[in-house]
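One structure is given here, and the rest of the page talks about it.
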Amino acid sequence: MALSEFRFCHSLRVRWSETDAQGVVFNARYLDYGDIAVTEYWRAVGFRFGEAESLEFHVARAEVDYKRPIKPDEQLNLWARTERIGNSSMTVLIEIHGMNDSGIEDLRATLRLVQVHVDLATHSPMRVPDCVRDDFAAFDARREVFRT
């Protein structure tokens, strides 16, 4: 997807402990990066976990498409956007970009996380509230990119 379609970007630097014996980021860490991206994306939209008791989500599906390796100490940009909101679920698209030798962002991985809104007492799916739908639609329709 073109970066022009994203309105949120969070930057971080790869830590040595996130890499494996092959000298690249360990594959499971990509999901950690996805979790960071989603948390910061929600914060940027204006939802903070713990402030709204009714906003509980479980990850129901996680897909990672690995494109190129990520190395220690690289600066990464985690781009996130809402791809779809269904009745009880949201799909968030995340692209992880590094910098190539020319200083241009290049795609390292694409993640899709399907999160289901649940009643925490029963773990049963619940409809995604209208305020979530409206706020994410408005955020993703912005002209400017929100960077953290």
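The values are calculated or read from the model by the stated rules, or taken from the named source; none is laboratory data. Keep in mind it's a predicted model, so treat the numbers as computed, not measured. Quick reminder, even Gly has a Cβ in these numbers, built from the backbone with ideal geometry, and neighbours come from all protein chains shown. When the accessible area is computed, the model is the full protein with side chains, heavy atoms only, and any ligands, DNA or RNA have been set aside. Shrake-Rupley method; radii C 1.70, N 1.55, O 1.52, S 1.80 Å.
Consider only pairs whose beta carbons are under 7 Å apart and that are at least six residues apart or on different chains; among these, list those whose first residue lies in region 54-75 and is within 22 Å of residue 88 (Cα to Cα) and whose second residue is surrounded by 14 or more Cβ atoms within 10 Å (Cβ to Cβ) and basic (Lys, Arg).
63/112
Got at least one residue in region 55-62 being over 11 Å from the mean Cα position of the chain (by Cα), of a type in the set (Gly, Ala, Ser) and open to solvent by 80 Å² or more (accessible area, probe 1.4 Å)?
Scanning region 55-62 turns up no residue that is over 11 Å from the mean Cα position of the chain (by Cα), of a type in the set (Gly, Ala, Ser) and open to solvent by 80 Å² or more (accessible area, probe 1.4 Å).
When the residues of region 24-60 are narrowed to those that are among the aliphatic types (A, V, I, L, M) and assigned to a loop (DSSP other than H, G, I, E, B), which ends up modelled with the lowest pLDDT?
If we take residues in region 24-60 being among the aliphatic types (A, V, I, L, M) and assigned to a loop (DSSP other than H, G, I, E, B), then 52 is modelled with the lowest pLDDT.
Among the residues in region 65-80, are any outside any loop (DSSP other than H, G, I, E, B) and either at pLDDT below 95 or on the phi > 0 side of the Ramachandran plot (or both)?
Yes, there is a match, as at least one residue in region 65-80 is outside any loop (DSSP other than H, G, I, E, B) and either at pLDDT below 95 or on the phi > 0 side of the Ramachandran plot (or both).
Among the residues of region 15-33, is there at least one that is among the charged types (D, E, K, R), closer than 30 Å to residue 119 by Cα, surrounded by 15 or more Cβ atoms within 10 Å (Cβ to Cβ) and in contact (Cβ under 8 Å) with a residue 60 or more places away in the chain?
No, that holds for no residue.
Among the residues of region 94-146, how many are within 19 Å of the chain's Cα centre (by Cα) and loosely packed, with under 11 Cβ neighbours inside 10 Å?
Of the residues in that region, 4 qualify.
Which one is nearest to residue 137 (Cα to Cα) among residues in region 1-13 that are at pLDDT below 95 and open to solvent by less than 60 Å² (accessible area, probe 1.4 Å)?
It comes out as 6.
Return yes or no: is residue 47 hydrophobic (A, V, I, L, M, F, W, C) and open to solvent by less than 20 Å² (accessible area, probe 1.4 Å)?
Spelling it out, it is not the case that residue 47 is hydrophobic (A, V, I, L, M, F, W, C) and open to solvent by less than 20 Å² (accessible area, probe 1.4 Å).
Out of (1) over 30 Å from residue 15 (Cα atoms); (2) charged (D, E, K, R); (3) part of a loop (DSSP other than H, G, I, E, B), what's the single condition that is false for residue 84?
(3)
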